[in-house]
Amino acid sequence: MIYIPEIDGLRAISILSVILFHAGVPGFGGGFIGVDIFFVISGYLITSLIVSEDAGKTFRFLNFYNRRARRILPALLSVLGLSLPLAFYLLPPKEFSDFLGASLSTVFFVSNIYLWKSNGYFDSVSEQNPLIHTWSLAVEEQYYILYPPFLIFALRHARHRAFAIVASAALISLVLAGWGSVHKPIPAFYLLPTRAWEILVGGLIPLLAQRVDLGRLPRPARELAGLLGLCLILGSITAFDPSIPHPGYRTILPVAGAALALAFSTADTSAGRLLSARPLAGLGLISYSAYLWHQPLLAFSRYADPVGAASMPIALGVSAATLGIAALSYRYIESPFRRRPGLPPRVVWTALAVPMLAIATVCLVLRWQNAGPYLNHEQQLALQRLAPPPDKTDWTRCLSHGGVERDYINEPCAEGALDATDTIGLIGDSHAETLHYPLGRLAETRGRRVVLYAGGSCPPIIDPSFANSCFDFQRAGIQRLIDRYKVKTVILSAEWSEYIEATPYDNGAGTVINGSGLFGPAYGTGPERRAFVAGLFRQTIDDLLQRNITVAVVGPHPNPAVNIPNILLSHLRFRPLAEFSDDTASIRYDTFNSRSRSFDGMMAAYGTNPNVIVIRLDHFFCSDKVRCRFYDKGEPLIRDTKHLSPIGAQRVAHLIDGIVFDGQVSRPIPPTH
C-alpha cells in the first residue's frame, strides 16, 4: 500500500492519548478512546488492502496472515520476553501469577477473554497490570481471523451490496454495544462482538470510496469534515472519562471523528497538513511499539518505587522513556521483519513460532507449578500479613462485577451462623465486601449471620430512574434482604467521598487520581453535583428507614492513592523492616478531612436520628490529627491502593461489632474542619 503520513499522524494522537491516560495526566480522562481510534484505522487499512487486492485478483489468505504476523508478533514477543524477568523480580506472588496467565493468553490472542474474567479495565488494580492493554491486540487478531473471509465472500458474491452488508454488521454490533455497555459493561468493553462496529466503521470508508469519489467533493466541505473529525477526537479525549458507558452510543463521537479524519484529511486540507507534520507522522510510525511498551513500563515503575512512580514527574518521565524504547523497537525489531518481504513464509513462521512456544511453555510451567516470584525472607513475612484467611482464598469471591459470574441475588454470600434467623444485611461496593468476613466471624459468636450484596465500583443507590446493572443489582439485593431475610439492621459501606466528588483526588504527596467514574462531568463538578449524588445516597437510607430498618453507615477512611503493600515490599527489597517508618506511607490529616466533607454533609441531615448510626474511621488512621498512616508498627492497614487489609478490616469490624451488634448507637464524631 502507498504510505499515507496522515494516518500516522492520527496514530500519534491515539498513542499519546492512551499513554497520558494511563500515566494519570489530568485533562486526558478520555484518553482511553485512543484505542477506539486505532480500531477505526485498522478497519480502514485492512479493508482497503483486501478490496484493492481482490479487485486485482491478487488476494491470498496466506499472504495476508503472513503480513499480519510480521507486523504484530516480533515486537509483541519481545515485550513479553523482556517483561517476564522484570515481573519475576518486581511483582508480588498473586500479581506474578496473573501476569503469567495474561502472558499465556496474549500469546494465543485471547487476553481480552482472560482479562474479562479478571478485572474491569478501569478498576484501580488494573493500572498496575503490565499487560492490561493487550486486550485490544486480542480483539484485532480475532477480527483478522473472521473479517477477511467475511469481506471476501461479500465482495465476490454481492459486491454491489458489500457496503450495506458491512454497515448492517456494524449496526448490529453497535446496538449490542449500546446495550452491553450499560447492562454488561465489562464483557462489552473487552469482547469482539461489542467492539466490531468500531473496526467496521473504518472499513466502510474504502467501500464507500468505490461508489463515491470523496476527493471530488468541494474543498470547503472536505476542510470542514476533516477539522470536525479532529475536533470530535480531541473533544472526546478531554471530555470523556471512565464513567461513560463504553463502547456505547457516546463512543460514536470519537469513532465518527476518526472516520471523518481518515476520509477527508488529505494533503490539500488543513487537517491533512496537520496530521502529516513530521513530528506527528514520526511518532505514528513508532506508535505500535509505544503502545506495547507503555503499560509494562508504567506498571513496573509503580512496583519498583510505589511512592515515586505515582508522582506526575516520574509518570511523565516513564512516558517519555517509552517513546525512546519504542523508537529502538521500531528500528531494530519491527523494521527488519516488515521490510524484508522476500522472506519465505516458512522462515517467518518458524522464526516467530519458536519464541511464541518458548514464552507459552515457560508461563505454563511456572503457573502449573505455582511458582512464585523472587522474594527475600522479610518480603515473604510481609506478604503473609496481607493474605486472605485460610477459608477465604479469594478477596473478590463474593463481589459482583455486573452479575455475570453467578446469581448473586438468589445466592448471596453469607458469613457467621449460617442457620441463624437473625440476619444483618451488608450492602455496598468492594469496601463492604472487605468487611464481610471479619464481621461474619464476630456475628457467629452471637448466633447471627451477615448476608452480603456488594458490587465492584457499585455503591448502594436504588433510584429507579437509573437503569444499569449496578443499580439494578443494589435494588434487587436490598429487596431480597427485606423479603427473604427479614433484616432489621443494614450496614452500608462504600467509597462515599469518591462517588460524590467528580474532581481529581490529590493525596498531597505527589499523586493525583481521577474522581470516581460512576458520576462523571456530565453532572458537573460543583455544589449542585455533590448535592445531587449525596441525595441519591440519602434516598437509599430514607427508604430503609421507612421500612423500620436501622441503618449503620461506615464512613470513609483515608485514601492513600498508592499501593501500600508495594511500598513495604519495595523497602524490604534492599533494607530491613526495622528501618521502615510508618510515616513512609501516610498523607496529611487535612487532606483526608477536606475530602470527607462531602460525606459529613450527606449525613448531617440525620442529626440525632437514633435509627441512623454513623461509624467514623479517621481515628484508626489519623490518631494524632496530623497525619493519616497506613501502617501501624509495620502492620499494613490497607491491602492495595484503598481497601482495608485483613488487620485493618478486623479492627473496623470490632468497632462495628461493639456499635451495631451490641446495640450501642454511636453518634458521628464532629469533624474538625
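Set Lys and Arg Cβ to +1 and Asp and Glu Cβ to -1, take the dipole of the chain about its Cα centre, and tell me which of G372, S335, L492 lies farthest positive. The one lying farthest along the dipole's positive direction is S335. Carbon-plus-sulfur fraction of the accessible area of the chain, 1.4 Å probe, in percent? Carbon and sulfur together cover 62 percent of it.
Charges were assigned to the Cβ only: +1 to each Lys and Arg, -1 to each Asp and Glu. The resulting dipole of the stretch 82-178 about its Cα centre is roughly 560 debye. Spacing of the modelled spin labels on S335 and H157, each 7 Å from Cα toward Cβ, amounts to 4.4 nm. Note that the chain presents 41 Å² accessible area per residue, ligands and nucleic acids not counted, probe 1.4 Å.
Here the Karplus relation 6.51 cos²θ - 1.76 cosθ + 1.60, evaluated at θ = phi - 60°, turns the backbone of the stretch 571-581 into coupling constants of 4, 6, 5, 10, 9, x, 4, 4, 8, 7, 9 Hz, with x for every Gly and Pro. For I638, the residues whose modelled amide H falls within less than 5 Å of its own, excluding neighbours fewer than 5 places apart on the same chain, are S645.
Once you reduce the stretch 190-253 and the stretch 608-659 to the center of their Cα atoms, the two points are 48 Å from each other. Packing order of peptides 359-366, 8-15, highest average first: 8-15, 359-366 (average count of other Cβ atoms within 10 Å over each peptide's residues).
Counting only cysteine Cβ atoms and a cutoff under 4.7 Å, the chain contains unmatched residues C231, C363.
Along the axis of the charge dipole computed for the chain (Cβ charges of +1 for Lys and Arg, -1 for Asp and Glu, origin at the Cα centre), the listed residues L297, I199, P558 are led at the positive end by I199.
Of the peptides 45-51, 143-149, 331-337, the order by per-residue mean of other Cβ atoms within 10 Å, starting with the highest, comes out as 45-51, 143-149, 331-337. Per residue of the chain, the DSSP helices (runs of n ≥ 4 H) give a summed -39500 (n - 2.57) that works out to -17500 deg cm²/dmol at 222 nm. Cα convex hull, the stretch 219-370: 204 Å³ per residue, rounded to a whole number. Cα centroid separation, the stretch 98-146 to the stretch 533-582: 28 Å. Between the alpha-carbon centres of the stretch 27-54 and the stretch 276-320 there is a gap of 21 Å. Please name which of I233, A167, I244 has its Cα lying farthest along the dipole of the chain towards the positive end, using unit charges on Cβ (Lys, Arg +1; Asp, Glu -1) and the Cα centre as origin. The residue sitting most towards the positive pole is A167.
If you put +1 on each Lys and Arg Cβ and -1 on each Asp and Glu Cβ, how big is the dipole of the chain around its Cα centre, in Debye rounded to 20? Provide the component values of the computation, followed by the final result.
Details: 59 positive and 52 negative charges, 373 e Å.
Here the size comes out at about 1800 debye.
Are any of the pairs K94/K117; K486/K642; K94/K642 more than 22 Å apart by Cα-Cα distance, and if so, which?
On the way: K94/K117 15 Å; K486/K642 32 Å; K94/K642 17 Å.
K486/K642, as the Cα separations exceed 22 Å there.
The per residue volume of the convex hull around the alpha-carbon atoms of the stretch 40-159 is 111 Å³.
From the largest down, the stretch 309-348 spans 48, 15, 9 angstrom on the principal axes of its Cα atoms. Shown in residue order for the stretch 629-640 are the 3J(HN,Hα) couplings computed by the Karplus curve 6.51 cos²θ - 1.76 cosθ + 1.60 at θ = phi - 60°: 9, 9, 10, 10, 6, x, 8, x, 9, 10, 9, 8 Hz (x for Gly and Pro). Using a simple spin-label model with pseudo-atoms 7 Å out from Cα toward Cβ, R273 and A320 lie 3.1 nm apart.
What number results when the radius of gyration of the chain, computed over Cα atoms, is divided by 2.2 N^0.38 Å? Intermediate results must be reported in sequence, preceding the final value.
Numbers: Rg = 26.6 Å, N = 673, 2.2 N^0.38 = 26.1 Å.
Ratio of Rg to 2.2 N^0.38 Å for the chain: 1.02.
In this calculation the C-beta distance from D422 to K117 is compared with R0 = 35 Å, giving a FRET efficiency of 0.45. Rounded, prolate or oblate: which one fits the stretch 325-375, using the alpha carbon gyration tensor with axes a ≥ b ≥ c (rounded when a/c is under 1.5, else prolate when a/b beats b/c, else oblate)? It is oblate, given that a/c is not under 1.5 and a/b is not larger than b/c.
The values are calculated or read from the model by the stated rules, or taken from the named source; none is laboratory data. Since the structure is predicted, the reported quantities are computational estimates derived from the model, not experimental observations. Backbone-built Cβ (ideal geometry, glycine too); neighbour counts: all protein chains shown. Each accessible area value is taken on the protein alone, full model and side chains, heavy atoms only, with ligands, DNA and RNA left out. Shrake-Rupley method; radii C 1.70, N 1.55, O 1.52, S 1.80 Å.
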